[in-house]
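A short worksheet on the structure shown next.
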Amino acid sequence: MLYSDEDKTDGEMTKFMDPHFKPDFNLDLLRSNNYITHFLVVSRALLEKVGGIRSDYDGAQDYDFVLRCVEQAKRIEHVPKILYHWRVHELSTAGGGGTKDYAADAGKRALEAHLSRLGIAASVEKTQYFGFYRVKYELLSRPLVSIIIPNKDEVESLDKCLGAIKKTAYTNYEVIIVENNSEKEETFSYYKKIESDQVHVVYYPDKFNYSKLNNFGVAHAKGDFYVLMNNDIEVLQENWMEQMLSNCEREEVGIVGARLYYPDNTIQHAGLVIGIGGSCVE
């Protein structure tokens, strides 16, 4: 199975716009949007195995076909070159999604069918953006989650952080605060006030090293999953832990991150990109 990058062009093929430089195969991205679309090539053997285009999914028949192919393909490769020009006119899906609302419904059904074929317990929601979906995976269990928070003399920030965590809908968690060379008496008085069966303070006496602080906290943790959290983080949604945990429980997933905002609602962090300049960047 091969797919390429693409762009758009006007009816006269005189203007080219909106280049779509795609990543190598990304299943989670595909489950949120049919980013593969054009140009797609599959082997005849794969086509015969999955069947052809199905009219039940008109409007998103290509999405349904791609999903069936990725379920069965032995190898999926991305050609990083624009090999397809998508002609745009005012009534085309390329020109504007509002012209084909039925296509969004067909895409949702195609994605639901894909998850069902794989035996994955999840629900699908349409988003405010045409052709984009959100898959909500169901929790398979309710394991203990250990939240590791390094801290040094940041009582106000830490108190906000812990206050927000208390609003979490998921209750089977513990908090481990890794104390690192605080100097203010109010910090230690605060520790005495918050320590409980669910909140523990452990003391790391050496100089600051973020990795070592977290590893020290993990060594004292009892959970099956770990959340590594800064003390200036304030949780915004009460279901954050279920959303992260339900993804982390998936067999093919090893680590899950969240989107972080600055106080002015601009994005601080929305993931990592590997490969730019030979390194990993935010």
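The values are calculated or read from the model by the stated rules, or taken from the named source; none is laboratory data. Note that the coordinates shown come from a computational prediction; the quantities given were computed from them, not determined experimentally. So basically every Cβ, Gly included, is an ideal-geometry build from the backbone, and we count neighbours across all protein chains shown. The protein model used for the area step is the full one, side chains on, heavy atoms only, and it has no ligands, DNA or RNA in it. Shrake-Rupley method; radii C 1.70, N 1.55, O 1.52, S 1.80 Å.
A few comments on the model shown:
- Residue in the range 133-154 that is touching a Gly at 6+ places or on another chain (Cβ under 9 Å) and closer than 30 Å to R109 by Cα present: yes
- Qualifying residue in the range 177-187 (condition: open to solvent by less than 80 Å² (accessible area, probe 1.4 Å) and in contact (Cβ under 8 Å) with a residue 60 or more places away in the chain): no
- All of K22, K15 fail the test of being open to solvent by less than 50 Å² (accessible area, probe 1.4 Å) and of a type in the set (K, R), apart from K22.
- Of all residues making up the range 156-183, the number that are out of contact with any Ser or Thr (no Cβ under 9 Å at 6 or more places or on another chain) and part of a helix (DSSP H, G or I): 9
- Filter result (surrounded by fewer than 18 Cβ atoms within 10 Å (Cβ to Cβ), more than 19 Å from the chain's Cα centre (by Cα) and within 30 Å of L27 (Cα to Cα)) within the range 127-162: S141, R142, P143, L144
- Residue list for the range 110-151, filter: out of contact with any Lys or Arg (no Cβ under 7 Å at 6 or more places or on another chain), under 30 Å from V201 (Cα atoms) and assigned to a strand (DSSP E or B): V145, I147, I148, I149, P150, N151
- Residue within the range 222-236 that is in a helix (DSSP H, G or I) and surrounded by 12 or more Cβ atoms within 10 Å (Cβ to Cβ) present: no
- Residues located in the range 144-164, provided they are touching a helix residue (DSSP H, G or I) at 6+ places or on another chain (Cβ under 9 Å) and either free of Cβ contacts under 8 Å to residues at least 24 places away in the same chain or of a type in the set (A, V, I, L, M) (or both): V145, I147, I148, I149, V155, L158, L162
- If you go through the range 1-52 and pick out every residue that is closer than 30 Å to I120 by Cα and not in a helix (DSSP H, G or I), you end up with 27.
- Checking each residue of the range 269-281 against the condition of being small (G, A, S) and either open to solvent by 100 Å² or more (accessible area, probe 1.4 Å) or touching a residue at least 24 places away in the same chain (Cβ under 8 Å) (or both) gives no match.
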